[in-house]
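K.L.:
Right, I'll just put the structure down here and ask away after.
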Amino acid sequence: ARAYGERARLSLAADNPAALTDIAMALRIEPNEPRWLALAARIHLATGDLAATERFAGLALAAPAPEPGLLVLRAKARLGLRNFGGAAEDTTAHLALRATDTEALLIRIEARTGQGDLKAALADAEAARNVRSDDARILLALAELRRRNGDAPGAIGAFEDAAGRPDAALLANKRLGDLYAEI
């Protein structure tokens, strides 16, 4: 099983679809091995099979000492499956251990927005900005949430901050123009 698992890990790193076959063989030999279950979840996320990702991540999380990051992995899958409540639960549990994880904060912002809880999503976006004020994704999320909550001046400021980042300048300027057109 170990040889199949290691080859699956290397295939995943090389973006080789043979990773699916290798992890299936490793799991056939050792079906309850947490490291193979976690690797299967990662492989399925990379291939876009969100239901399998959620299933394998859930099985791996049931192990006595699950790999770090599995909650975020399952939250990504749940978000893609539009299970916003489950994604919010997973990220909340993860953030209890790693409060400054930007990826988890962004997923929870999107999950809470999907649930329709814009106030909680906005609070998460503000907290995320305090953690990583240089992350353009956070600034864009914050600006969009402020706009949706009716805070046009706050949204303009956040869009302008995001426009100062090379990786978000185009989108931020477009959204800023859209916001001015709405006003």
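The values are calculated or read from the model by the stated rules, or taken from the named source; none is laboratory data. Just so we're clear, the structure is a prediction, and the values are computed from it rather than from any experiment. Please note: Cβ atoms are built from the backbone with ideal geometry, for glycine as well, and neighbour counts cover all protein chains shown. The accessibility values were calculated without ligands, DNA or RNA, using every heavy atom of the protein model including side chains. Shrake-Rupley method; radii C 1.70, N 1.55, O 1.52, S 1.80 Å.
K.L.:
Could you list, in sequence order, the residues of the stretch 127-142 that are over 19 Å from ALA87 (Cα atoms) and either open to solvent by 30 Å² or more (accessible area, probe 1.4 Å) or aromatic (Phe, Trp, Tyr) (or both)?
P.N.:
ARG129, ASN130, VAL131, ARG132, SER133, ASP134, LEU140
Here's the yes/no breakdown for (1) surrounded by 14 or more Cβ atoms within 10 Å (Cβ to Cβ); (2) part of a helix (DSSP H, G or I):
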| residue | (1), (2) |
| --- | --- |
| GLU144 | yes, yes |
| ALA162 | yes, yes |
| ARG165 | yes, no |
| LEU171 | yes, yes |
| GLY177 | no, yes |
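K.L.:
Let me ask something else about it. Scan (1) open to solvent by 50 Å² or more (accessible area, probe 1.4 Å); (2) touching a Ser or Thr at 6+ places or on another chain (Cβ under 8 Å); (3) closer than 24 Å to GLY114 by Cα for the single condition GLU89 breaks and write down its number.
P.N.:
Looking at each condition in turn, GLU89 falls short on (2).
K.L.:
GLY150: on the phi > 0 side of the Ramachandran plot, free of Cβ contacts under 8 Å to residues at least 60 places away in the same chain and not aliphatic (A, V, I, L, M), yes or no?
P.N.:
Judged against the criteria, GLY150 is a match.
K.L.:
Name the single residue that is farthest from ARG129 (Cα to Cα) among those in the stretch 51-103 being at pLDDT 95 or above and of a type in the set (D, E, K, R).
P.N.:
Restricting to residues being at pLDDT 95 or above and of a type in the set (D, E, K, R), the top hit is ARG55.
K.L.:
While we're on this one: Consider only pairs whose beta carbons are under 7 Å apart and that are at least six residues apart or on different chains; among these, list those whose first residue lies in the stretch 56-81 and is farther than 21 Å from GLU110 by Cβ and whose second residue is small (Gly, Ala, Ser).
P.N.:
Between residues of the stretch 56-81 that are farther than 21 Å from GLU110 by Cβ and residues that are small (Gly, Ala, Ser), the close pairs are PHE56/ALA40; PHE56/ALA41; ALA60/ALA38; ALA60/ALA41; PRO66/ALA60; GLU67/ALA38; GLU67/ALA60.
K.L.:
Scan the stretch 13-58 residue by residue and report those that are of a type in the set (A, V, I, L, M, F, W, C) and open to solvent by 50 Å² or more (accessible area, probe 1.4 Å).
P.N.:
Across the stretch 13-58, the qualifying residues are ALA13, ALA14, LEU20, MET25, ILE29, ALA46, ALA51.
K.L.:
Kindly evaluate LEU71 against the criterion of being assigned to a helix (DSSP H, G or I) and touching a Pro at 6+ places or on another chain (Cβ under 9 Å).
P.N.:
no
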